[in-house]
Amino acid sequence: MELLLSATALLIFVISAQGFLFTPKGPQMYPCLTYLERNLRVDCEFPPTDLLPGPYCEYRQDSRLVGSTYPNIVNLVAVDNRRRSNVSLVNPTLCRLTWAPLDDEQPHTFTCRVYQGIDWKENSLAIHQRLLPICAALSLTSGPWLLPLALTLPMVLGPLWQ
């Protein structure tokens, strides 16, 4: 039993350490479709910082600015894009684009750019709306420890039930 607990603890440590050691440099993008409206939703998750000003984020579709949280930048967004898009800072480390359904069936490249202080980081993703999953109510991307914990909990609690 001690060997099982030691092996489980080692497995949890290795899986959690991978999340911290191999953290990507730029923001991570998670696209999906909203359940009822079938709007494109792209969450852009970035690491926390204390740098000021910011954080601000902006989204581009095929290099055209479609929305931003930066003050007074709305004037640079085309009128058609302003009607179709909404960009908001959901929490201090997550920016969200909600985009009305596209008329064409072509894939498009969406870019998320995050400004923190005087530095910015960006990531791009080719998105085809037909192939996207429906957005879930609960996201498992909230921490690298959540999934390993959920997977190993039955192994740890199993001997207690016997």
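The residue of segment 49-86 that is surrounded by the most Cβ atoms within 10 Å (Cβ to Cβ), among those that are charged (D, E, K, R) and in a strand (DSSP E or B), is E58. Would you call R41 touching a residue at least 60 places away in the same chain (Cβ under 8 Å) and in a strand (DSSP E or B)? It is true that R41 is touching a residue at least 60 places away in the same chain (Cβ under 8 Å) and in a strand (DSSP E or B).
Filtering segment 21-38 for residues that are modelled with pLDDT under 80, surrounded by fewer than 14 Cβ atoms within 10 Å (Cβ to Cβ) and aliphatic (A, V, I, L, M) leaves a non-empty set.
The values are calculated or read from the model by the stated rules, or taken from the named source; none is laboratory data. Computed from a predicted structure; not experimentally measured. Methodologically, a virtual Cβ is constructed for each residue, glycine included, from the backbone with ideal geometry; neighbour enumeration extends over all protein chains shown.
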